[in-house]
Amino acid sequence: MAAAFFQTLFGWEADEVTFPSGSYTTVRPAGGGPESSFGGLVRLGDVPAGADRGPHWLPYFTVEDCDAASARAERLGGGVTVAPQEIEGVGRIAHLADPFGAAFAVIRPAPVMPDR
């Protein structure tokens, strides 16, 4: 699995996070808690729009409004490969492409709930 490779290469630690729509492996620096997670690993078949590209990185950019960012990307000649959608506990995300086909995603993170 990719998590073992990156753990050996960079010393990253990984956590499996379960959501209503499936699971996601987050990565973080060694010794950091879950709040220090900075990325994740998704199985190829879990996002059909990206599976045909094979293994790849998908950078996420934080935005105030995923729907507005998606519409603006299209107006500027880019495309929407996964329409904006809400993912419980994560936030609102969309997968986009620039006019040359380079893939990226935008996210408006869900509010962080304090521990009870």
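Would you mind stating whether residue 72 is modelled with pLDDT of 95 or more and either in contact with a Gly (Cβ under 9 Å, 6 or more places away or on another chain) or of a type in the set (Ser, Thr, Tyr) (or both)? Spelling it out, residue 72 is indeed modelled with pLDDT of 95 or more and either in contact with a Gly (Cβ under 9 Å, 6 or more places away or on another chain) or of a type in the set (Ser, Thr, Tyr) (or both).
Summed over the range 60-82, the residues that are surrounded by fewer than 12 Cβ atoms within 10 Å (Cβ to Cβ) and among the aliphatic types (A, V, I, L, M) give a count of 1.
Every residue, every condition in (1) part of a loop (DSSP other than H, G, I, E, B); (2) touching a residue at least 12 places away in the same chain (Cβ under 8 Å); (3) within 12 Å of the chain's Cα centre (by Cα), yes or no:
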| position | (1), (2), (3) |
| --- | --- |
| 77 | yes, yes, no |
| 81 | no, yes, no |
| 86 | no, no, no |
| 89 | yes, yes, no |
| 94 | no, yes, yes |
| 99 | yes, yes, no |
| 105 | no, yes, yes |
| 108 | no, yes, yes |
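The single condition from (1) without any contact (Cβ under 8 Å) to a residue 12 or more places away in the chain; (2) of a type in the set (Phe, Trp, Tyr); (3) surrounded by 11 or more Cβ atoms within 10 Å (Cβ to Cβ) that residue 57 fails is (3).
To keep it simple, each residue is scored yes or no on (1) buried (at least 17 other Cβ atoms within 10 Å of the Cβ); (2) on the phi < 0 side of the Ramachandran plot; (3) in contact with a Leu (Cβ under 8 Å, 6 or more places away or on another chain); (4) assigned by TED's automatic domain parsing to the domain that holds residue 35.
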| site | (1), (2), (3), (4) |
| --- | --- |
| 84 | yes, yes, no, no |
| 88 | no, yes, no, no |
| 99 | no, yes, yes, no |
| 103 | yes, yes, yes, no |
| 111 | no, yes, no, no |
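The values are calculated or read from the model by the stated rules, or taken from the named source; none is laboratory data. Everything numeric in this text was worked out from a predicted model, so none of it was measured. Note: ideal-geometry Cβ built from the backbone for every residue, glycine included; neighbour counts use all protein chains shown.
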